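Peer 1: My questions will all concern the structure given below.
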Amino acid sequence: MSSRVIDVLSGDIHHVALAGDQLYVDMNITEENMPAGTQLRIGSAG
């Protein structure tokens with residue numbers, strides 16, 4: 001999920017944790033930049 005979207009939706013940075021374990025990224029995750037099926041590797045996970 002985009003970190004910018006969660007900032008808008010949460011209204012308060014302290015409410016972000018209520019969404020559970022999520023990966024928040026600050027990058028272009030639009031369909032044009034990351035089409036369906038795109039896989040990301042974060043650290044040694046993948």
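Peer 1: So what J values fall out for region 30-39 if you push phi through Karplus, 6.51 cos²θ - 1.76 cosθ + 1.60 with θ = phi - 60°, rounded to Hz, Gly and Pro as x?
Peer 2: Karplus values, whole Hz, x for Gly and Pro: 5, 4, 5, 8, 9, x, 3, x, 5, 10.
Peer 1: What net charge is computed for the residues neighbouring Thr38, neighbours being all others with C-beta under 14 Å from the C-beta of Thr38, Lys and Arg scored +1, Asp and Glu -1? All intermediate terms of the calculation are to be shown ahead of the outcome.
Peer 2: Numbers: positive: Arg41; negative: Glu31, Glu32.
Spelling it out: positives minus negatives among the neighbours equals -1.
Peer 1: At 7 Å along the Cα-to-beta-carbon direction for both Thr30 and His14, put a label point, then send me their distance in nm to one decimal.
Peer 2: The answer from the label model is 3.6 nm.
Peer 1: Please give me the summed charge of the neighbours of Met27: other residues whose Cβ is under 14 Å from its Cβ, Lys and Arg +1, Asp and Glu -1.
Peer 2: Values: positive: Arg4, Arg41; negative: Asp26, Glu31, Glu32.
Residues near Met27 contribute -1 overall.
Peer 1: Something else about it: Taking R0 as 25 Å, what's the FRET efficiency between Arg41 and Asp7 from their Cβ-Cβ distance, rounded to 0.05? Working shown, then result.
Peer 2: On the way: r = 25 Å, r/R0 = 1.00.
Step by step, r from the Cβ atoms, then E = 0.50.
Throughout, read-outs are computed from the coordinates displayed, never taken from laboratory work. Only a predicted model underlies this, so the values are computations on that prediction, with no experimental measurement involved. Note: ideal-geometry Cβ built from the backbone for every residue, glycine included; neighbour counts use all protein chains shown.
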